[in-house]
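Inspection log for the structure reproduced underneath, given as structure tokens.
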Amino acid sequence: MAERRPLSGRRIVITRARTSAAQFASELRTLGAEVIEFPTIELVAPDSFEVIDAALARLASFDWVIFTSAAGVEAFIERLKARGLDVRAIAGARVGAIGPATAARLASYGLKAAATPAEYRAEALVGAIGAAQIRDARILIPRAQVAREILPQMLVAAGASEVAVAPVYKTIRPASAPVEHVRELATRGAIDVVAFTSSSTVTNFCEMLGEAARGLKAVVIGPVTANTARDAGFEIVVQPQQYTVPALIAAIRDFFAASAE
């Protein structure tokens, strides 16, 4: 008889962008889950590159460049290349990363994060950098076109002389996704949990499924996503202590192991 795996018989919907969902889906399947890939966001170019291009033209003037996602790192590097530059252009600035995944993406380009908070959320970056390093500093934040404003506001409040927020990508709802299939599963109670890794995945999931989304159980990567999901009517059953996909996978495994006892 084949050994029963930890997530055997569990149907999990993951809502990450298609470009970043493969590893997440693969690891859940290895644990035995039936994974429904339902991308609710797609990363595309921002409406304008004007702000980031102006910042790149004077990149040497910034003391810090702070990244709040691995996607932001990729989009920033792509724009560097589009402007005829490479990572050496950032050598004069220190780099901040919101968490280990973002720091790892920076490292893949030979950039070492000088500050990564113990708690992987934007607000914690301020403490990780430190008041003395922020005061009078010029700071660039390449990020999504629409994002929470708390980090730039806190940096300004901490005394930064300039905080330049530069959109390098934006998220949109994908043109194609298995909406009817997932709606049908949700309607007949055939989804064990929906996995959310950002507030935008929650918002778009609800917009795509409508009333069928209400009352589903959710697993979330961190407190910001949890608040959005809770406000949307989801029952939060898993929220890991560390705000990373590996921690989320482990927490999902442990949750279903405990419920099977």
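Treating r as the C-beta distance of residue 235 and residue 118 and R0 as 35 Å, the FRET efficiency rounds to 0.80.
Counting only Cβ charges, +1 for Lys and Arg and -1 for Asp and Glu, the dipole size of the chain around its Cα centre is about 380 debye. Each of the peptides 122-132, 30-40 was scored by the mean count of other Cβ atoms within 10 Å over its residues; in descending order, highest first, they stand as 30-40, 122-132. Taking a ≥ b ≥ c as the square roots of the eigenvalues of the Cα gyration tensor, the range 44-171 is classed as rounded, since a/c falls below 1.5. Taking Cα atoms only, the orientation of helix 70-82 departs from the longest principal axis of the chain by about 50 degrees. If you take the square roots of the eigenvalues of the alpha-carbon gyration tensor of the chain and sort them as a ≥ b ≥ c, do you get rounded (a/c under 1.5), prolate (a/b over b/c) or oblate? It is prolate, given that a/c is not under 1.5 and a/b is the larger ratio.
For residue 32, the residues whose amide H sits under 5 Å from its own are 7, ignoring neighbours fewer than 5 places away on the same chain, with H placed 1.01 Å from N.
Axis angle, to the nearest 10 degrees, between helix 245-259 and the longest C-alpha principal axis of the chain: 20 degrees. Under 5 Å from the amide H of residue 164 lie the amide H atoms of 139, 140, 141, each residue being 5 or more positions distant or on a separate chain, with H modelled from the backbone and absent for Pro and chain starts.
Computed from the coordinates by the stated procedures, all read-outs in this text should not be read as laboratory data. Please read these numbers as outputs of a predicted model, since none were measured by experiment. Note: ideal-geometry Cβ built from the backbone for every residue, glycine included; neighbour counts use all protein chains shown.
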